[in-house]
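The values are calculated or read from the model by the stated rules, or taken from the named source; none is laboratory data. This structure is a prediction, so every number in the text was calculated from the model and none was measured. In this analysis, Cβ positions are derived from the backbone assuming ideal geometry, glycine residues included, and neighbour counts consider all displayed protein chains. Ligands, DNA and RNA are stripped out before the accessible areas are found, and what is left, the full protein with its side chains, is counted by its heavy atoms. Shrake-Rupley method; radii C 1.70, N 1.55, O 1.52, S 1.80 Å.
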Amino acid sequence: MAREPRRERGEREESEFIDKLVHINRVAKVVKGGRRFGFAALVVVGDQKGRVGFGHGKAREVPEAIRKATEAAKRNLTRVPLREGRTLHHDVLGRHGAGKVFLRAAPPGTGIIAGGPMRAVFESLGMQDVVAKSLGSSNPYNMVRATFDALKHQDSPRSVAARRNIKVSALQSRRRDVDAEAATAE
């Protein structure tokens, strides 16, 4: 039987996912001998092809908290439909608690215009052009959850057409007609 080659120290097996550490929180528990410190990590994981998830992990050491958060993120991946694999299909508002975010589709070359926690989600998702604004809480946990709420409400023309029992081309021709009317009205 052939043996697998041994890995060098520090070398990790390549994964299809990229993970981004969004936030680490240090918490203290006061006990008889002083303080006991623990760490909570918020991690966003994505395959840069339309799948993304986030996870929360708590442990006494930072690396262990990050590992737990990464595993939790891989367990709750969400698929998000992207237009041309680079931006959103339509503008959308998401909220979680006091965190509110507004996401807008953007033309090619715009880039990711978004704040810290939202930027991590978009980069992991593989989105290239988006304009996002955080309107409520700046708490990273609420911002990430609000971003995921917005992405959950993202619909592709294919799914809308299937829901209405019409063809995608009929749906998109209506969109072009509305765009033409708006252009002539201006």
Next item on the list: State yes or no: is Leu82 over 12 Å from the mean Cα position of the chain (by Cα) and open to solvent by less than 60 Å² (accessible area, probe 1.4 Å)?
Entry: yes
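Going by the structure shown, is Lys68 open to solvent by 60 Å² or more (accessible area, probe 1.4 Å) and outside any strand (DSSP E or B)?
Answer is yes for this residue.
Within the stretch 85-94, how many residues are of a type outside the set (A, V, I, L, M, F, W, C), open to solvent by 20 Å² or more (accessible area, probe 1.4 Å) and touching a Phe, Trp or Tyr at 6+ places or on another chain (Cβ under 9 Å)? So that I can check it myself, show each step before the final result.
First pass over the stretch 85-94, keeping only residues of a type outside the set (A, V, I, L, M, F, W, C): 85-87, 89-91, 94.
Still in the running and open to solvent by 20 Å² or more (accessible area, probe 1.4 Å): 85-86, 89-91.
Next, only the ones that are touching a Phe, Trp or Tyr at 6+ places or on another chain (Cβ under 9 Å) stay: 91.
Here the count works out to 1.
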Next item on the list: Considering every residue within the stretch 135-154, establish whether at least one is surrounded by fewer than 17 Cβ atoms within 10 Å (Cβ to Cβ), touching a residue at least 60 places away in the same chain (Cβ under 8 Å) and either touching a Pro at 6+ places or on another chain (Cβ under 8 Å) or on the phi < 0 side of the Ramachandran plot (or both).
Entry: yes
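To keep it simple, each residue is scored yes or no on (1) within 30 Å of Leu171 (Cα to Cα); (2) touching a Lys or Arg at 6+ places or on another chain (Cβ under 9 Å); (3) at pLDDT 90 or above; (4) exposed (fewer than 15 other Cβ atoms within 10 Å of the Cβ).
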{"residue": "Ala72", "(1), (2), (3), (4)": "no, no, yes, no"}
{"residue": "His96", "(1), (2), (3), (4)": "no, yes, yes, no"}
{"residue": "Ala105", "(1), (2), (3), (4)": "yes, yes, yes, no"}
{"residue": "Ile112", "(1), (2), (3), (4)": "yes, yes, yes, no"}
Notebook entry, point to check: So which residues in the stretch 48-77 are under 13 Å from Val121 (Cα atoms) and out of contact with any Ser or Thr (no Cβ under 8 Å at 6 or more places or on another chain), if there are any at all?
Noted result: Lys49, Gly50, Phe54, Ala73, Leu77
Check: Is it the case that the stretch 56-63 has a residue that's open to solvent by less than 20 Å² (accessible area, probe 1.4 Å), in a strand (DSSP E or B), closer than 19 Å to Val144 by Cβ and touching a helix residue (DSSP H, G or I) at 6+ places or on another chain (Cβ under 6 Å)?
Finding: yes
Next item on the list: Give me the pairs, please: first residue somewhere in the stretch 100-114 and over 16 Å from Asn139 (Cα atoms), second residue anywhere and assigned to a strand (DSSP E or B) and open to solvent by 70 Å² or more (accessible area, probe 1.4 Å), beta-carbon distance under 8 Å, and either six or more positions apart or on two chains.
Entry: Leu103/Leu93; Ala106/Ile113
